[in-house]
Structure formats: structure tokens, C-alpha cells
Amino acid sequence: MTEDVHEAVTPCIKDKSANDALFTWPDGRPVKDFRGSWKALTTAAKVKVNIHDFRRSAVRNMMDAGINRDVAKKISGHKTDSIFSRYNLVDANDLADAAQKLQARKRA
């Protein structure tokens, strides 16, 4: 867990035991589904953001940081390579970077 994540979730665990859910409703029941709340939030903010966009960003950030694919899969919760690959989008910059790496290796 990064320091930023720890700082963000610390208020969520105040007065909870180790077995309590991280996200709970005011009455203490665990939040099991964010979809309704997410839709209400994004509608009120007048923005269109798919919650999976954050998962895609997290996967891309881990890959760009050089984190091992298996470790990134474990962190993101993806169980299969095929689903993980759906989130690990490849763009033109990735292809250009690969070409540069191959060229540099050829020169060495």
C-alpha cells in the first residue's frame, strides 16, 4: 500500500476491527455495490467517467512503472492474463518505445 492510499483509507478504518469492511454505510453495513452511488455521483457532477477507467489507469501506471505483470495482476485483482490484457491498453507510444529499445539493443 502506498503512502497516498494509506492516507486515503485511514479515515475509513477508524473504530473498525480487522474483519470489518473498509467501505461501510453510516449504519455500519458493508458497501457491496458502488454502481448506484457512482452513477448518482457522476450524474450530479455532470461528468461521464466509467469506474473501470480507474482500473485501466492503475494497470497502465503499474506497467509503465516496470512492475512485474504477475504482481500487477495480483494488485488489480485480475485472475487471467486475457482479462488483464483488456485493461493493459497498448498505444502508439508503447510501440515506438519498443522499437527504440530494440534498436538500442542492436547497437550494443
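Only the coordinates and a few stated rules stand behind these numbers; no lab work does. Just so you know, these numbers come straight off a predicted model, no measurement behind them. Every residue, glycine as well, gets a Cβ built from its backbone with ideal geometry; the counts of neighbours run over all protein chains shown.
Annotations
- Gain on full stretching of the segment that runs from residue 46 to residue 71 - 0.36 nm per residue minus C-alpha separation: 5.5 nm
- Near residue 86: Cβ cut-off under 15 Å, other residues only, Lys/Arg at +1 and Asp/Glu at -1. The net charge is +3.
- Exposure rule at most 16 other beta-carbon atoms within 10 Å, DSSP loop trypsin sites (Lys or Arg not before Pro): the chain longest free segment: 49-78
- Placing pseudo-labels 7 Å out from each Cα toward the beta carbon at residue 32 and residue 53 gives an inter-label distance of 2.9 nm.
- Computed on the chain, with alpha-carbon pairs under 8 angstrom and 6+ residues apart, the relative contact order is 14 percent.
- For segment 77-108 versus segment 3-64, the gap between their alpha-carbon centres in whole angstrom: 29
- Cut-off 16 Å (backbone N to label point 7 Å along Cα→Cβ of residue 100), residues of segment 42-78: 64-66
- Theoretical ellipticity at 222 nm over the chain - DSSP helices of four or more residues, -39500 (n - 2.57) apiece, nearest 500: -19000 deg cm²/dmol
- Overall Cα dimensions of segment 3-45, principal axis frame, Å, largest first: 33, 26, 13
- GNM remark for the chain: springs join alpha carbons under 10 Å apart, and the peak mean-square fluctuation among 92, 58, 72 falls on 92.
- If you plug the beta carbon distance of residue 89 and residue 2 into 1/(1 + (r/R0)^6) with R0 = 30 Å, you get a FRET efficiency near 0.85.
- Simple rule: put +1 on each Lys or Arg Cβ and -1 on each Asp or Glu Cβ in the chain, find the dipole, and look at 1, 57, 108; the Cα lying farthest toward the positive end is 108.
- Positive-pole candidate from 66, 31, 13, dipole of the chain, charges at beta carbon: 66
- Degrees between helix 3-13 axis and first principal axis of the chain (Cα, 0 to 90, nearest 10): 20
- What you get for the chain, charging only the Cβ of Lys and Arg (+1) and of Asp and Glu (-1), is a dipole of about 480 debye around the Cα centre.
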